[in-house]
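Since every read-out is calculated from the coordinates, none of them should be taken as a lab result. What you see is a predicted model, and the numbers here were worked out from it, not measured in a lab. Because the Cβ atoms are built from the backbone with ideal geometry, glycine has one as well, and the counts that use them run over all protein chains shown.
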Amino acid sequence: MQRHFDEELQALKLQLMKMSALAEAMISEAVKALMDRDPSRVQTVYEREKEVNHLQVVIDEMCLTLIALHQPAAGDLRFILGAAKTNSDLERLADLAVNIVDEAKELMEQPPLKPFGILPRMAILARTMVRDSLHAFVNREPGKAREVLLRDDELDQLKRDVTAELTDYMSRDPSAVSRGLALVLVARNLERVGDHATNIAENTIFVVEGRDVRHHGG
Amino acid sequence: MDCAITVRDLDLYYGTFQALKKVPLDVMRHRITALIGPSGCGKSTLLRTLNRMNDLVPGVRIQGQILLEGRDIYAADMDVCALRKRVGMVFQRPNPFPLSIRDNVTFGLRVAGQTDRDVQDEVVEQSLKGAWLWDQLKDQLNRSALELPMDQQQRLCVARVLAVEPEVILMDEPCSALDPIATARIEELMLDLKTRYTIVIVTHNMQQAARISDYSGYMLLGDMVEFGATSGVFTSPKDKRTQDYVSGRYG
């Protein structure tokens with residue numbers, strides 16, 4: 001029997017997909033704004049953040065109402081809880097994109113520091129993790145989610161490398177300190193992007209398999 | 001407001017006992033309105049005032065106003081039979097007549113003098129389809145309705161109501177005699193029916209009210225404590241008594 005409840009779950013999924021697409025695009029735009037020194041992309045990120053904030057409220061309201069009115073169980077319950085948690089991660093991802101373009105904007109007003117070194121690799125990895133974790137969540141693919149989890153250590157290592165590289169650079173050229181610090185902050189934001197992608201991947205495994213793999217469990 | 005039924009300041013007395021106290025209610029057209037509350041709160045009494053079923057109870061006295069599409073149903077010139085055709089009712093226990101499936105559905109038509117077989121056949125088909133019974137029963141229309149399982153009997157009672165083309169369907173605990181699967185089927189049926197009919201349901205089952213209704217009224221000791229969109233009543237009720245009831249703390 002097709003349930004009316006299924007239509008409401010589908011509506012929730014559609015809103016999440018919309019928000020996922022926005023958050024993913026924001027991370028992508030933020031990285032491009034930084035690398036290409038492109039102010040138009042900065043503006044795009046700011047505008048999309050408003051949409052994400054609005055969707056966050058809408059999705060939370062949907063989750064609350066679905067739980068209160070339908071007493072969901074098993075897979076339905078896990079999906080709604082997973083959706084609520086992913087909703088928070090998506091909103092945080094959007095905030096991180098804003099943080100990155102804030103730094104990018106500052107950097108655009110100064111001469112380029114030097115070729116970015118390994119920061120672009122870090123940005124690409126973080127962006128891919130976001131894309132893959134959202135793909136896994138939306139399409140219920142725990143295998144893909146597990147691949148994302150494996151990449152988080154690599155991202156953390158890259159962040160340490162970027163920081164070491166920039167620290168070394170700044171110690172040799174004090175005039176580069178403010179720009180160097182801005183890039184350290186970008187690296188830190190990218191590392192957090194990876195953390196949220198990891199959360200979404202863990203949520204995916206919980207929703208699909210009912211297994212809690214956080215903190216190396218499951 | 002898109003109201004099918006408007007109740008204002010309704011007082012109802014059984015002899016000296018006051019069962020309803022200045023009750024208000026707005027029943028929105030093509031929506032499901034649920035009345036919830038503990039036993040004896042007045043919810044079934046209120047439901048039965050909406051098509052004047054309480055007229056049949058001796059010693060009942062009513063004050064206040066009930067408007068159906070703007071007309072006072074307690075007005076002196078109101079045709080009560082016509083009213084009950086417009087506002088049909090499904091009861092707690094399935095109550096098919098001891099007749100064939102077909103004759104159950106056409107009962108109201110025959111009472112109204114409709115004898116044309118083709119018209120009757122069309123009504124039987126449409127009504128059984130409306131109650132999700134046609135596919136299962138179309139080849140056994142002459143079978144006794146009493147042989148059907150409980151949930152089919154209950155849906156047959158829905159079909160019998162649909163046959164007279166009502167505007168409003170009142171349901172008094174329609175699932176209390178049914179198992180969870182049959183209950184789910186009736187609930188889905190109600191969600192389907194609301195696209196064409198206005199539904200008011202009385203239920204002891206709070207979760208049922210939450211699942212299917214658009215508006216909920218919480219009643220206690222004859223008072224309408226809180227009325228509003230079901231999503232609001234079940235996520236952020238305004239009255240402490242509603243909060244206690246919907247969260248299972250009542251009593």
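Dipole size of chain A about its Cα centre, with +1 on Lys/Arg Cβ and -1 on Asp/Glu Cβ: approximately 260 debye, rounded to the nearest 20.
A cut-off of 5 Å between modelled amide H atoms, ignoring neighbours fewer than 5 places along the same chain, links B:Gln92 with B:Asp172. Remark: the Cα gyration tensor places the range B:133-245 in the prolate category, a/c being 1.5 or greater and a/b exceeding b/c.
List the pairs from A:Lys85/B:Lys240; A:Lys13/A:Lys105; A:Lys18/A:Lys50; A:Lys85/B:Lys194 whose alpha-carbon separation is above 25 Å, in the order I gave them. All intermediate terms of the calculation are to be shown ahead of the outcome.
On the way: A:Lys85/B:Lys240 30 Å; A:Lys13/A:Lys105 34 Å; A:Lys18/A:Lys50 13 Å; A:Lys85/B:Lys194 34 Å.
Result: A:Lys85/B:Lys240; A:Lys13/A:Lys105; A:Lys85/B:Lys194 exceed 25 Å.
Under 1.5 on a/c is rounded, so check that first for the range A:92-148, then, if it is not, pick prolate when a/b is larger than b/c and oblate when it is not; a ≥ b ≥ c are the square roots of the alpha carbon gyration tensor eigenvalues. In terms of gyration-tensor shape, oblate.
How much of the calculated P(r) for chain B lies past 33 Å, in percent of all Cα pairs?
Details: 5951 of 31375 pairs.
Cα-Cα pairs in chain B separated by more than 33 Å: 19 percent.
Overall, the anisotropy analysis places the range A:51-133 in the oblate class: the square-rooted eigenvalues a ≥ b ≥ c of its C-alpha gyration tensor yield a/c not less than 1.5, with a/b not exceeding b/c. Take every DSSP beta bridge whose two residues both sit in the protein assembly as shown; close to 60 percent of them are antiparallel. Only Cα sites of the range B:27-72 enter the Debye sum here, all with the same form factor; the resulting log10 I(q)/I(0) across q = 0.19, 0.31, 0.34 1/Å is -0.75, -1.26, -1.28, listed in q order. Taken one residue at a time, the phi angles of the range B:26-33 give Karplus couplings (6.51, -1.76, 1.60, θ = phi - 60°) of 10, 9, 7, 5, 6, 10, 9, 10 Hz. Gly and Pro are set to x. For chain A, the longest principal axis of the C-alpha atoms and the axis of helix A:119-139 are separated by about 10°.
Quick one: Kirkwood hydrodynamic radius for the range A:45-199, alpha-carbon pairs, angstrom, one decimal?
On the way: mean 1/r = 0.0580 Å⁻¹.
About 17.2 Å for the range A:45-199.
Relative to the longest principal axis of the Cα atoms of chain A, helix A:142-172 runs at roughly 20 degrees. Neighbours of B:Lys240 by Cβ distance under 12 Å: Lys/Arg scored +1, Asp/Glu scored -1, total 0. Over the range B:20-136, the ratio between the Cα radius of gyration and 2.2 N^0.38 Å evaluates to 1.26.
For a modelled paramagnetic label at A:Lys13, 7 Å from Cα along Cα-to-Cβ, the residues of the range A:109-137 in reach, with backbone nitrogen under 16 Å, are A:134-137.
Residue by residue, the range B:201-209 carries 3J(HN,Hα) couplings of 10, 9, 9, 7, 8, 4, 5, 5, 4 Hz when phi is fed to the Karplus relation 6.51 cos²θ - 1.76 cosθ + 1.60 (θ = phi - 60°); x denotes Gly or Pro.
A cut-off of 5 Å between modelled amide H atoms, ignoring neighbours fewer than 5 places along the same chain, links B:Glu226 with B:Tyr218. A crude spin-label estimate for the pair B:Tyr13 and A:Leu77, with each label 7 Å from Cα along the Cβ direction, gives 5.0 nm.
Per residue, the Cα convex hull of the protein assembly as shown amounts to 193 Å³.
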